[in-house]
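Contents: one structure, followed by commentary.
The values are calculated or read from the model by the stated rules, or taken from the named source; none is laboratory data. Everything numeric here is computed off the predicted structure, so don't read it as measured data. Heads up: the accessible areas ignore ligands, DNA and RNA and are worked out on the full protein's heavy atoms, side chains in. Shrake-Rupley method; radii C 1.70, N 1.55, O 1.52, S 1.80 Å.
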Amino acid sequence: MPTPLFVSDNDLLTALKAGRSSAYKEIYDRYWQVLYRFARKMLQDENVAKDVVQEVFTILWAKRESQNTAVPLAAYLYTLTRNRILDLVKRTKVENRYLESLTSFIQLNHATPDRLYIEKELYDQIEREIQHLPEKMRRIFEMSRKEYKSNQEIADELQISNKTVKNQLSTALKTLRNKLGDTMNTYLIFF
């Protein structure tokens, strides 16, 4: 086992403040394992614990010139690790509350002004295209989609075959999809 370059933590902090990377490496070698065990115990997640400890050492290097040599190094590193863990937990709680709120909002299917506007625009666009269908096809389509009649009921009422009704509906849907493209698919997905 190699002899440490710096005996005391105070020597390490002084060398670190001077920008000596060997002091940083020595601090890393001395404290990484204990900080990792501490973080893993608190977080119950190895990968997140590694990330937290890595952040601690990144902060230590970034703020090396402003280190207070009066504070014991071990206490400083533990405090820094604990604070990073608390920040992470707080951020996770906020994210979870936001996701719960968003999920609740989506489940309640609130009618926001944007949604109402988009829905109206989609409806108007589809309605315009339906009006451009040939009269007989349009009538069959409206009986099926707006009056909720079965193919047989439409056939009986219009005195045509069930197969004609199916063909007319199929052609109408194909025509609408060709003219409306993604708008029709969006309408079917969202509404």
Express in Å², to the nearest 10, the accessible area of ASP9 obtained by rolling a 1.4 Å probe over the protein heavy atoms while all chains stay in place. 40
So how exposed is GLU157, as accessible area in Å² (1.4 Å probe, rounded to 10)? 100
Region 5-105 - percent of accessible surface contributed by carbon and sulfur, probe 1.4 Å: 54
Would you list which aspartates and glutamates come within 16 Å of LYS146, measuring only between C-alpha atoms, while excluding same-chain residues fewer than 8 positions from it? ASP124, GLU127, GLU129, GLU135, GLU157
Reported to the nearest 10 Å², LEU169 has, with a 1.4 Å probe, an accessible area equal to 20
With every protein chain kept in place and a 1.4 Å probe, region 8-86 has an accessible area per residue in Å² of 57
